[in-house]
Amino acid sequence: MTLRYGAVLKSLRSLRGEPAIAEVRPTEAAIRYHDRAHDRRAIAPLADVYVPPNATGASALVVHGGGFVLGSRRMKPMRYLAARLYAAGISVCVFDYRMIFRGGRLSEAIDDVHDAFEFWSAKTAQLALDPSAITLVGLSAGATLALLAASRIEPSRLAGLACCFGLYEVDHLHGVATLLPRMLFGTADRAAWNQRSPRYAPQPAVPTLLLHGTDDGLVPVDQARRLAAYRESLGLATRLVIYDGAPHGFFNVPVPAADAGAHEIIELINASH
C-alpha cells in the first residue's frame, strides 16, 4: 500500500485549534520523570500530571503520537483525552519522549515509555492512587510504542492497554514512505522492521483495547484486525472497535468516534479498578 499523502496533510491540519472540550490545567507540570543527562538536541524527559478532585484511584499513562518525528505531551489530542479522563475521575500522566532527529530512534523512545511508567507507578503511590490500576494508552505512533513497552512490564503491574489507530506493521510502506522505518529502526532490512513491529513482537498479556477508523489514510484498518486476530489466537484478552468512516487521529476532530473512543478507554480503565 502507498501512503496517502493527502491524509498526512489532513491529519497535520487537524492538530490545529483547540480540543472539542473544556481543557483542564495540570495538577503538576513539567516534572522530570528520569534523571538522565540532558542533551540539548534531545527531548527532555518531562511529564504533566492531572489528578481530579474525585480521583477514583485508577489512572492512565498516555503516549502521544506524531509519526515518531513530532508531537508532545501538550498536543491537541492529549489535552482532549486528559480532559475526558479527568472528568471521569481518572488521574492522568502525559509525557514527552525522544524522537527521530531529537535524541533517539525506536529503542530510545521505548526506553522513555518504560521509564515514564516506572515514574508514574511510584508517583501513584505518593498520590494515594492505586499502583496496580495503571492503564497504558497510546495514540498513533504512541500506540506502537505503548504496545512494545507494555511487553517489558510485568502483567501484574499493568492493568490494561489501549492502542488507538496504531502502526502495527511497516511492510505496507513503499516509496519515500520507507524513509520512516529506515530512520526509526536504523536499517533498510525489511525483515528487521517486521521483527521489531508490534504485530510480530511478544504480546503483552493484559486486557487490550484496539481502536481504529475505516477511513484511516495513514495506517490501514486491516492492521488492527490482524493484530486482534493474532492476539486472540494466543488466547489474550482483546477488544477491537472499528469506527466506520473515522479518519486517522480521530481524537483531533469533533466526530462521533472521538466521543465513543474516549468512552471505550474510560470503560477499560474503570474495569481495572
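The table that follows gives values for the structure above.
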read-out: Computed accessible area, Ser121, all protein chains, 1.4 angstrom probe, square angstrom; value: 20
read-out: 12 Å beta-carbon shell around Ala47, net charge (K/R +1, D/E -1); value: -2
read-out: q = 0.11, 0.12 Å⁻¹, the chain: log10 I(q)/I(0) [Debye, one scatterer per Cα]; value: -0.55, -0.66
read-out: Largest-first principal axis extents, alpha carbons of segment 42-99, Å; value: 36, 18, 13
read-out: Whole-Hz ³J(HN,Hα) from phi, Karplus 6.51 cos²θ - 1.76 cosθ + 1.60, for segment 82-96, glycine and proline x; value: 4, 5, 5, 5, 4, 5, 8, x, 9, 6, 9, 10, 10, 8, 9
read-out: Taking segment 31-129 and dividing mean pair separation by its residue count, relative contact order in percent (alpha carbons under 8 Å, at least six apart); value: 36
read-out: Listed residues Asp48, Asp35 arranged by accessible area, highest first, probe 1.4 Å; value: Asp35, Asp48
read-out: Solvent exposure ordering (accessible area, 1.4 Å, most first) of His212, His248; value: His248, His212
read-out: Scattering curve values for segment 58-135, log₁₀ I(q)/I(0), Debye with Cα scatterers, q = 0.16, 0.19, 0.24 Å⁻¹; value: -0.61, -0.81, -1.11
read-out: Relative contact order of the chain, defined on C-alpha pairs under 8 angstrom at six or more residues apart (%); value: 20
read-out: Given charges at Cβ of Lys, Arg, Asp, Glu: segment 105-230 dipole, positive-most of Leu139, Ala177, Ala149; value: Ala177
read-out: For segment 125-243: accessible area per residue (Å², 1.4 Å); value: 37
read-out: DSSP bridge pairs, the chain: antiparallel proportion in percent, nearest 5; value: 25
read-out: Cα centre as origin, Lys/Arg/Asp/Glu Cβ charges: the chain dipole, Debye; value: 640
read-out: Separation between Cα centres of segment 82-125 and segment 152-204, rounded to whole Å; value: 18
read-out: Globularity ratio of segment 137-273, using Cα Rg and 2.2 N^0.38 Å; value: 1.03
read-out: Backbone HN-Hα couplings from phi across segment 56-66 [Karplus 6.51/-1.76/1.60, Hz, Gly and Pro as x]; value: 7, x, 7, 8, 10, 9, 10, 10, 6, x, x
read-out: Ellipticity estimate at 222 nm from DSSP helix runs (n ≥ 4, -39,500 (n - 2.57)) divided over the chain, nearest 500; value: -10500 deg cm²/dmol
read-out: Spherically averaged projected area in nm², based on the convex hull that wraps the Cα atoms of segment 96-165; value: 4.6
read-out: Selected from Leu81, Leu209, Leu179 as most flexible by GNM, with the chain as the system and alpha-carbon contacts under 10 Å; value: Leu179
read-out: Heavy-atom accessible area ranking, 1.4 Å probe, most first, across Glu267, Glu154; value: Glu154, Glu267
read-out: Most mobile listed residue (Gly89, Gly186, Gly103) in the chain, GNM with C-alpha springs under 10 Å; value: Gly186
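The values are calculated or read from the model by the stated rules, or taken from the named source; none is laboratory data. Worth saying up front: this structure is predicted, and the values here are computed from it rather than measured. Neighbour counts run over all protein chains shown; Cβ positions are idealised from the backbone, glycine included. The protein model used for the area step is the full one, side chains on, heavy atoms only, and it has no ligands, DNA or RNA in it. Shrake-Rupley method; radii C 1.70, N 1.55, O 1.52, S 1.80 Å.
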